[in-house]
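Engineer: Sharing a structure, written as C-alpha coordinates. Questions coming.
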Amino acid sequence: MHDLLLQSYAGLPRMELMKFFIKRQVQESEILTIDVKPGWKKGTKITFPDKGNEQPNQLPADLVFVIDEKPHDLYKRDGNDLVVNQRVLLAEALGGTTVNLVTLDGRNLSLPVTDIIGPGYELVIAREGMPIAKETGNRGDLRIKFEVKFPTKLTPEQREGLKRALVGVK
(Lines give C-alpha, C1' and ligand atoms only; values in the text may rest on other atoms or scores of the structure.)
Protein backbone atom coordinates (compact mmCIF):
# COMPACT_ATOMS: atom_id res chain seq x y z
CA MET A 1 0.00 0.00 0.00
CA HIS A 2 1.36 3.43 -0.86
CA ASP A 3 1.63 6.05 1.88
CA LEU A 4 -1.43 7.86 0.54
CA LEU A 5 -1.28 10.83 2.92
CA LEU A 6 2.16 11.60 1.57
CA GLN A 7 1.15 10.69 -2.00
CA SER A 8 -2.05 12.72 -1.76
CA TYR A 9 0.02 15.70 -0.55
CA ALA A 10 2.29 15.71 -3.61
CA GLY A 11 0.27 13.65 -6.06
CA LEU A 12 1.35 10.25 -7.25
CA PRO A 13 2.57 10.30 -10.84
CA ARG A 14 0.68 7.13 -11.64
CA MET A 15 -0.32 3.84 -10.17
CA GLU A 16 -0.55 0.99 -12.61
CA LEU A 17 -2.76 -1.99 -11.97
CA MET A 18 -2.72 -5.24 -13.86
CA LYS A 19 -6.10 -6.71 -14.67
CA PHE A 20 -6.40 -10.31 -15.74
CA PHE A 21 -9.49 -11.70 -17.37
CA ILE A 22 -10.46 -14.74 -19.35
CA LYS A 23 -12.11 -14.37 -22.72
CA ARG A 24 -13.05 -17.47 -24.66
CA GLN A 25 -10.95 -19.58 -22.29
CA VAL A 26 -7.84 -17.45 -22.98
CA GLN A 27 -6.33 -15.34 -20.22
CA GLU A 28 -5.73 -11.74 -21.26
CA SER A 29 -4.35 -8.82 -19.29
CA GLU A 30 -4.77 -5.06 -19.40
CA ILE A 31 -2.91 -2.31 -17.56
CA LEU A 32 -5.13 0.30 -15.91
CA THR A 33 -3.58 3.57 -14.74
CA ILE A 34 -4.70 5.74 -11.83
CA ASP A 35 -3.25 9.25 -11.68
CA VAL A 36 -3.58 10.15 -7.99
CA LYS A 37 -4.21 13.89 -7.79
CA PRO A 38 -2.80 16.05 -4.99
CA GLY A 39 -5.37 16.53 -2.25
CA TRP A 40 -7.55 13.49 -2.94
CA LYS A 41 -9.31 12.49 0.25
CA LYS A 42 -10.09 9.15 1.82
CA GLY A 43 -13.20 7.78 0.14
CA THR A 44 -12.50 9.24 -3.32
CA LYS A 45 -13.71 6.70 -5.90
CA ILE A 46 -12.02 5.92 -9.20
CA THR A 47 -14.22 3.94 -11.59
CA PHE A 48 -13.17 2.03 -14.68
CA PRO A 49 -16.42 1.31 -16.55
CA ASP A 50 -16.77 -2.24 -17.91
CA LYS A 51 -13.32 -3.27 -16.58
CA GLY A 52 -14.51 -5.54 -13.76
CA ASN A 53 -15.19 -9.24 -13.70
CA GLU A 54 -16.35 -10.78 -16.94
CA GLN A 55 -18.49 -13.89 -17.19
CA PRO A 56 -19.99 -15.62 -20.19
CA ASN A 57 -23.31 -14.10 -21.34
CA GLN A 58 -23.01 -11.13 -18.96
CA LEU A 59 -21.84 -7.57 -19.38
CA PRO A 60 -18.56 -6.84 -17.59
CA ALA A 61 -18.88 -5.07 -14.27
CA ASP A 62 -17.33 -1.71 -13.40
CA LEU A 63 -14.04 -1.80 -11.52
CA VAL A 64 -14.07 0.69 -8.61
CA PHE A 65 -11.14 1.71 -6.43
CA VAL A 66 -11.63 3.69 -3.23
CA ILE A 67 -8.80 5.84 -1.86
CA ASP A 68 -7.76 5.05 1.71
CA GLU A 69 -5.19 6.85 3.83
CA LYS A 70 -2.37 5.18 5.65
CA PRO A 71 -1.70 6.89 9.01
CA HIS A 72 1.39 9.10 9.14
CA ASP A 73 3.74 9.00 12.15
CA LEU A 74 3.54 12.76 12.77
CA TYR A 75 0.70 14.37 10.82
CA LYS A 76 -3.04 13.73 10.86
CA ARG A 77 -5.36 14.96 8.16
CA ASP A 78 -8.45 16.94 9.12
CA GLY A 79 -10.23 17.85 5.88
CA ASN A 80 -7.68 19.96 4.01
CA ASP A 81 -5.70 20.77 7.15
CA LEU A 82 -2.76 18.90 8.60
CA VAL A 83 -2.64 18.61 12.39
CA VAL A 84 0.44 17.91 14.47
CA ASN A 85 0.72 17.59 18.25
CA GLN A 86 3.69 19.28 19.90
CA ARG A 87 4.80 18.78 23.51
CA VAL A 88 6.54 21.69 25.24
CA LEU A 89 7.94 22.14 28.71
CA LEU A 90 6.27 24.59 31.08
CA ALA A 91 9.27 26.92 30.81
CA GLU A 92 8.89 26.91 26.98
CA ALA A 93 5.14 27.48 27.25
CA LEU A 94 5.70 30.58 29.37
CA GLY A 95 8.97 31.88 27.95
CA GLY A 96 8.71 31.05 24.25
CA THR A 97 10.10 28.31 22.05
CA THR A 98 10.77 27.37 18.47
CA VAL A 99 8.96 24.48 16.79
CA ASN A 100 10.99 22.68 14.12
CA LEU A 101 9.05 20.48 11.69
CA VAL A 102 9.81 18.66 8.46
CA THR A 103 6.87 19.01 6.06
CA LEU A 104 5.48 16.14 4.00
CA ASP A 105 7.40 17.44 0.98
CA GLY A 106 10.69 17.52 2.93
CA ARG A 107 11.00 21.23 3.73
CA ASN A 108 12.22 22.31 7.18
CA LEU A 109 9.99 24.77 9.03
CA SER A 110 11.35 26.69 12.02
CA LEU A 111 8.43 28.42 13.73
CA PRO A 112 9.07 30.80 16.64
CA VAL A 113 6.31 30.83 19.24
CA THR A 114 6.31 33.99 21.35
CA ASP A 115 2.75 33.77 22.69
CA ILE A 116 2.15 32.18 26.07
CA ILE A 117 1.02 28.62 25.40
CA GLY A 118 -1.99 27.85 27.56
CA PRO A 119 -4.52 25.00 27.58
CA GLY A 120 -5.99 24.46 24.11
CA TYR A 121 -3.47 26.78 22.40
CA GLU A 122 -3.17 26.09 18.69
CA LEU A 123 -0.79 27.74 16.21
CA VAL A 124 -2.15 27.92 12.66
CA ILE A 125 0.22 28.24 9.70
CA ALA A 126 -1.78 29.24 6.64
CA ARG A 127 -1.41 27.27 3.38
CA GLU A 128 0.94 24.60 4.78
CA GLY A 129 -1.73 21.86 4.83
CA MET A 130 -2.98 19.48 2.16
CA PRO A 131 -3.52 20.61 -1.43
CA ILE A 132 -7.18 21.31 -2.16
CA ALA A 133 -8.06 18.98 -5.03
CA LYS A 134 -10.60 21.26 -6.70
CA GLU A 135 -8.70 24.51 -6.11
CA THR A 136 -5.36 24.27 -7.93
CA GLY A 137 -2.56 26.00 -6.01
CA ASN A 138 -4.61 26.38 -2.84
CA ARG A 139 -3.85 24.49 0.38
CA GLY A 140 -5.35 23.93 3.77
CA ASP A 141 -3.58 25.02 6.96
CA LEU A 142 -1.06 23.40 9.26
CA ARG A 143 -2.44 23.34 12.80
CA ILE A 144 -0.01 22.79 15.66
CA LYS A 145 -1.75 21.71 18.87
CA PHE A 146 0.30 22.12 22.01
CA GLU A 147 0.47 19.98 25.12
CA VAL A 148 2.29 21.53 28.07
CA LYS A 149 4.40 19.14 30.11
CA PHE A 150 4.46 20.18 33.73
CA PRO A 151 7.39 19.29 35.98
CA THR A 152 6.80 16.44 38.39
CA LYS A 153 9.17 17.83 41.04
CA LEU A 154 10.38 21.29 42.09
CA THR A 155 12.91 22.21 44.75
CA PRO A 156 11.77 24.66 47.42
CA GLU A 157 14.00 27.30 45.81
CA GLN A 158 12.36 26.74 42.40
CA ARG A 159 8.90 27.03 43.94
CA GLU A 160 9.78 30.32 45.64
CA GLY A 161 11.38 31.63 42.46
CA LEU A 162 8.23 30.84 40.45
CA LYS A 163 6.01 32.47 43.07
CA ARG A 164 8.14 35.63 43.01
CA ALA A 165 8.22 35.72 39.20
CA LEU A 166 4.48 35.15 38.81
CA VAL A 167 3.14 37.31 41.66
CA GLY A 168 0.58 39.75 40.30
CA VAL A 169 0.45 38.11 36.85
CA LYS A 170 -3.08 37.82 35.51
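The values are calculated or read from the model by the stated rules, or taken from the named source; none is laboratory data. None of these values were measured; they are calculated from a predicted model. For neighbour counting, all protein chains shown are included, and Cβ atoms are generated from backbone atoms with ideal geometry for every residue, glycine included. Ligands, DNA and RNA are stripped out before the accessible areas are found, and what is left, the full protein with its side chains, is counted by its heavy atoms. Shrake-Rupley method; radii C 1.70, N 1.55, O 1.52, S 1.80 Å.
A quick yes/no check of all residues on (1) outside the structural domain of residue 121 (by the TED database); (2) modelled with pLDDT under 90; (3) in a loop (DSSP other than H, G, I, E, B):
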site	(1), (2), (3)
18	yes, yes, no
30	yes, yes, no
40	yes, no, yes
46	yes, no, no
60	yes, yes, yes
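Engineer: OK, next. With the requirement that a residue be open to solvent by 50 Å² or more (accessible area, probe 1.4 Å) and either assigned to a loop (DSSP other than H, G, I, E, B) or at pLDDT below 95 (or both), what does region 73-90 give you?
Structural biologist: Across region 73-90, the qualifying residues are 73, 74.
Engineer: What number of residues within region 76-93 are in contact (Cβ under 8 Å) with a residue 12 or more places away in the chain and within 21 Å of the chain's Cα centre (by Cα)? Quick ask: steps written out before the conclusion?
Structural biologist: Step one: list which residues in region 76-93 are in contact (Cβ under 8 Å) with a residue 12 or more places away in the chain, which gives 77-90, 92-93.
The next check asks that each one be within 21 Å of the chain's Cα centre (by Cα); those that pass are 77-87.
Final tally of qualifying residues: 11.
Engineer: Would region 38-50 turn up any residue that is touching a Gly at 6+ places or on another chain (Cβ under 9 Å), open to solvent by 40 Å² or more (accessible area, probe 1.4 Å), over 30 Å from residue 166 (Cβ atoms) and not charged (D, E, K, R)? Walk me through how you get there before you give the answer.
Structural biologist: Our first condition is that a residue be touching a Gly at 6+ places or on another chain (Cβ under 9 Å); within region 38-50, this holds for 38-41.
Checking the rest, the ones that are also open to solvent by 40 Å² or more (accessible area, probe 1.4 Å) come to 38, 40-41.
Now narrow it down to the ones that are over 30 Å from residue 166 (Cβ atoms): 38, 40-41.
From what's left, not charged (D, E, K, R): 38, 40.
Yes, some residue in region 38-50 is touching a Gly at 6+ places or on another chain (Cβ under 9 Å), open to solvent by 40 Å² or more (accessible area, probe 1.4 Å), over 30 Å from residue 166 (Cβ atoms) and not charged (D, E, K, R).
Engineer: Also: Based on what the data block shows, is residue 128 of a type in the set (Asp, Glu), at pLDDT 95 or above and under 17 Å from residue 72 (Cβ atoms)?
Structural biologist: Details: of a type in the set (Asp, Glu): yes; at pLDDT 95 or above: yes; under 17 Å from residue 72 (Cβ atoms): yes.
Yes: the conditions hold for residue 128.
Engineer: Then there is this: Have a look at 78, 73, 115, 141 and point out the one that is within 30 Å of residue 47 (Cβ to Cβ) and among the acidic types (Asp, Glu).
Structural biologist: Details: 73 fails: within 30 Å of residue 47 (Cβ to Cβ); 115 fails: within 30 Å of residue 47 (Cβ to Cβ); 141 fails: within 30 Å of residue 47 (Cβ to Cβ).
Sole residue among the options that is within 30 Å of residue 47 (Cβ to Cβ) and among the acidic types (Asp, Glu): 78.
Engineer: Can you name the number of the only condition in (1) open to solvent by less than 40 Å² (accessible area, probe 1.4 Å); (2) touching a residue at least 40 places away in the same chain (Cβ under 8 Å); (3) in a loop (DSSP other than H, G, I, E, B) that residue 99 fails?
Structural biologist: Unmet condition: (3).
Engineer: Go through (1) within 25 Å of the chain's Cα centre (by Cα); (2) at pLDDT below 95 for residue 52 and report which single condition fails.
Structural biologist: Checking residue 52 against (1) within 25 Å of the chain's Cα centre (by Cα); (2) at pLDDT below 95, the one that fails is (1).
Engineer: May I ask you to say which residue of 145, 70, 163 is part of a loop (DSSP other than H, G, I, E, B) and of a type in the set (Lys, Arg)?
Structural biologist: Working: 145 fails: part of a loop (DSSP other than H, G, I, E, B); 163 fails: part of a loop (DSSP other than H, G, I, E, B).
From the options 145, 70, 163, the qualifying one is 70.
Engineer: Another question about this same structure. Looking at region 108-160 only, could you name the residues that are open to solvent by 50 Å² or more (accessible area, probe 1.4 Å), without any contact (Cβ under 8 Å) to a residue 60 or more places away in the chain and acidic (Asp, Glu)?
Structural biologist: Answer for region 108-160, where residues must be open to solvent by 50 Å² or more (accessible area, probe 1.4 Å), without any contact (Cβ under 8 Å) to a residue 60 or more places away in the chain and acidic (Asp, Glu): 115, 122, 135, 157, 160.
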